[in-house]
Amino acid sequence: MNDESNIKLFVLANSLTENNLDMVEHNHNIDLGRKEQAPTKEQDYYAQFDSVFRKEAREMSKHYEVFYCLEKSIRNLVVQLMFEKYGENWWEDKVKEDIKNNVKDNIQKEIESGFTERSQSNIDYTTFGELTEIVKNNWEAFSGLFRDVKAFSKIMSSLNQLRGPIAHCCPLAEDEAVRLNLVVKDWFRLME
């Protein structure tokens with residue numbers, strides 16, 4: 001074989017290999033990092049972090065995404081049901097003063113930080129525990145949706161425990177990842 005034939009075979013073999021790798025990426029929903037992308041400033045910095053942290057971040061991202069969607073939907077549900085039951089002044093009329101004061105403090109701290117406000121809604125400034133208290137203290141607005149106040153409290157407490165490592169950048173242990181999936185199922189089962 002001459003050099004030209006060897007080059008043609010090499011190009012053909014490379015093309016077949018690339019095609020097979022494309023199929024592997026597609027079938028397994030993974031990115032092998034073969035395609036060069038223009039780096040962003042964030043990616044320039046990101047590459048400087050320890051590879052262990054980057055791997056943990058990738059693994060934790062799926063848990064964060066689930067919890068983000070769940071927490072946003074819970075907060076929206078609280079607002080919706082409180083509004084339906086008590087009208088537009090539900091926050092002023094039905095939320096305990098200590099929670100309202102804590103929310104005011106949180107909003108003020110954010111204003112003083114000079115950062116962009118995270119939300120125009122007071123509910124987004126409550127802690128997860130305060131969110132639970134709002135529901136428990138106004139159970140009549142939620143009893144048509146949830147089967148039992150104790151079950152609701154238990155599930156919210158479990159979610160709050162699982163929220164800690166997710167929100168504070170700690171890897172979720174394998175058992176806790178399983179527990180997160182189970183508690184999310186419990187949440188949906190709690191609704192009639």
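The values are calculated or read from the model by the stated rules, or taken from the named source; none is laboratory data. As the structure is a computational prediction, the values presented were derived from the model and not from experiment. With ideal geometry, Cβ positions are generated from the backbone for all residues, glycine too; neighbour counts draw on all protein chains shown.
With respect to the conditions (1) crowded, with 17+ Cβ neighbours inside 10 Å; (2) at pLDDT below 95, residue 95 lacks only one, and its number is (2).
Residue by residue, here is whether (1) under 23 Å from residue 179 (Cβ atoms); (2) part of a helix (DSSP H, G or I); (3) aliphatic (A, V, I, L, M); (4) free of Cβ contacts under 8 Å to residues at least 12 places away in the same chain holds:
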residue	(1), (2), (3), (4)
75	yes, yes, no, no
103	no, yes, yes, no
106	no, yes, no, no
118	no, no, no, yes
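Residue check: residue 110 meets all listed conditions (1) modelled with pLDDT of 95 or more; (2) surrounded by 14 or more Cβ atoms within 10 Å (Cβ to Cβ) but one, namely (1). Any idea how many residues of region 120-133 are of a type in the set (Ser, Thr, Tyr), buried (at least 17 other Cβ atoms within 10 Å of the Cβ) and either assigned to a loop (DSSP other than H, G, I, E, B) or under 17 Å from the mean Cα position of the chain (by Cα) (or both)? So the count comes out to 2. Just so you know, in region 171-192 the residues that are in a loop (DSSP other than H, G, I, E, B) and exposed (fewer than 12 other Cβ atoms within 10 Å of the Cβ) include one that is farthest from the chain's Cα centre (by Cα), and it is 192.
This table checks each residue for (1) without any contact (Cβ under 8 Å) to a residue 60 or more places away in the chain; (2) charged (D, E, K, R); (3) touching an Asp or Glu at 6+ places or on another chain (Cβ under 7 Å).
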| position | (1), (2), (3) |
| --- | --- |
| 112 | yes, yes, no |
| 123 | yes, no, no |
| 138 | yes, no, no |
| 142 | no, no, no |
| 184 | no, no, no |
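All told, residue 81 falls short of being assigned to a helix (DSSP H, G or I), within 21 Å of residue 180 (Cα to Cα), modelled with pLDDT of 95 or more and not aromatic (Phe, Trp, Tyr). Go through the residues of region 51-68 one by one and say whether even a single one is surrounded by fewer than 17 Cβ atoms within 10 Å (Cβ to Cβ), within 27 Å of residue 186 (Cα to Cα), of a type in the set (Phe, Trp, Tyr) and touching a residue at least 24 places away in the same chain (Cβ under 8 Å). Yes, because at least one residue in region 51-68 is surrounded by fewer than 17 Cβ atoms within 10 Å (Cβ to Cβ), within 27 Å of residue 186 (Cα to Cα), of a type in the set (Phe, Trp, Tyr) and touching a residue at least 24 places away in the same chain (Cβ under 8 Å). Considered as a group, the residues in region 134-145 that are under 25 Å from the mean Cα position of the chain (by Cα) and buried (at least 18 other Cβ atoms within 10 Å of the Cβ) include one that is nearest to residue 107 (Cα to Cα), and that residue is 134.
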